[in-house]
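Read the structure below first, then the notes.
The values are calculated or read from the model by the stated rules, or taken from the named source; none is laboratory data. Just so it is clear, the model here is predicted, and its values are computed rather than measured. Here the Cβ positions follow ideal geometry from the backbone for every residue, glycine too, while neighbour counts run over all protein chains shown. Note: areas computed on protein heavy atoms with side chains; ligands, DNA, RNA excluded. Shrake-Rupley method; radii C 1.70, N 1.55, O 1.52, S 1.80 Å.
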Amino acid sequence: MKASRIVAAGAAAGITVLALSAPAFAHVSVQPEGTAAKGGYAVIDFKVPNERDDASTTKLEVTFPTDHPLASVMPEPMPGWKVEVTKSKLDKPLEMHGEKITEAVSKVTWTADGKGIEPGYFEKFPLSVGQLPEDTDQLAFKALQTYSNKEVVRWIEVPQEGKEEPDNPAPVLQLSAASEDGHHGAAADEDSDAKSAEKASAHTSASDSASSDGTDTTARVLGVVGIVVGAAGVAYGVLAGRRRATA
C-alpha cells in the first residue's frame, strides 16, 4: 500500500510540474539578429513553434505597440507564406530623417498557402524594423497563432517584472543601448560595410594606378636602353668598315 501511494504521489507531482511548466516549454517569442539598439534599425525574428500533435500552424498575426510606433517595417519573402502589412494613422506624427510620418505599421499577418508549420517543427518570421525608440528598454508585441483545426492561441499577456511568467506571454523584444559613436544597430553596420568597401576599392584603384605607372616607366627605360644599344651597334659597324677599307 505504501509503495502504491508513493508511486501515485510521484505521478501526481510529475503531472503538477508539467502543468505548471507547460507554458514555458514553447511559445511565440521574438529575438534580434545581432543587436536591437535604441534609435536604430534591426532585423528581428518571431519564432513560432507548433505545440500541437494533430494540427499545423497556418497563420500568425503580430500586433505592434501603439505607444512606440515603428514607421519602417519590411517583411522578408517566405516560401509557403503570404504576408500582409497593415498600417494605421498615428495620433501624433513621427519625425524620421527630417520628414513627418503620419502612419505606422499596426499589424503584420502571415498566412500559409501550403502546409504551414507541421507538428514537431518551428519556423522564424523575419522583419526589418526601425527606427527603434530611445525612451524604452523593450517592446511588447501581441501575437495570435492559428492552427489548421481553427484553434487560436493568444500570446497577448505582457510579462511583468517581479512576477511569474503568464500562461500565454506576449513576445517581448529587449533593446540594447546605442553605441557611443552614435551608430545604431544594423543600419550602422551597413554604413560601416559600405565605407569599408569604398576604402578597399579606392586602395585597389590606387594600387592598380601605381602598378600601371611603374609598368609604363619600366617600358620607357627599356626602350631608351634599346635605342642606345642599337646606335652603338651601328657606330661600331661603320667604324669596322672604315678600318677594313684603309687596310
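Table for the structure above
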| read-out | value |
| --- | --- |
| Any chance Thr136 is in a loop (DSSP other than H, G, I, E, B), open to solvent by less than 50 Å² (accessible area, probe 1.4 Å) and polar (S, T, N, Q) | yes |
| For Pro79: the one exception among (1) assigned to a strand (DSSP E or B); (2) free of Cβ contacts under 8 Å to residues at least 40 places away in the same chain; (3) not hydroxyl-bearing (Ser, Thr, Tyr) | (1) |
| Checking Thr102 against (1) of a type in the set (S, T, N, Q); (2) open to solvent by less than 80 Å² (accessible area, probe 1.4 Å); (3) modelled with pLDDT under 95, the condition it does not meet | (2) |
| Yes/no for Thr111 being assigned to a strand (DSSP E or B), open to solvent by 10 Å² or more (accessible area, probe 1.4 Å), over 30 Å from Gly39 (Cβ atoms) and among the β-branched types (Val, Ile, Thr) | yes |
| Close pairs from the range 129-152: first free of Cβ contacts under 8 Å to residues at least 40 places away in the same chain, partner of a type in the set (A, V, I, L, M, F, W, C) and open to solvent by less than 10 Å² (accessible area, probe 1.4 Å), Cβ under 8 Å, at least 6 apart | Gln138/Leu173 |
| Filter pass, Pro119 being of a type outside the set (Ser, Thr, Tyr), modelled with pLDDT of 90 or more, open to solvent by less than 100 Å² (accessible area, probe 1.4 Å) and over 18 Å from Val30 (Cα atoms) | yes |
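Residues checked against (1) outside any strand (DSSP E or B); (2) over 19 Å from Tyr41 (Cβ atoms); (3) in contact with a Leu (Cβ under 8 Å, 6 or more places away or on another chain):
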| residue | (1), (2), (3) |
| --- | --- |
| Lys87 | no, no, no |
| Lys92 | no, yes, no |
| Glu95 | no, no, no |
| Thr102 | no, yes, yes |
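Results for (1) surrounded by 13 or more Cβ atoms within 10 Å (Cβ to Cβ); (2) at pLDDT 95 or above; (3) not basic (Lys, Arg), shown as yes or no for each residue.
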position	(1), (2), (3)
Lys2	no, no, no
Ala12	no, no, yes
Thr16	no, no, yes
Ala19	no, no, yes
Lys38	yes, yes, no
Ala55	yes, yes, yes
Pro75	yes, yes, yes
Val85	yes, yes, yes
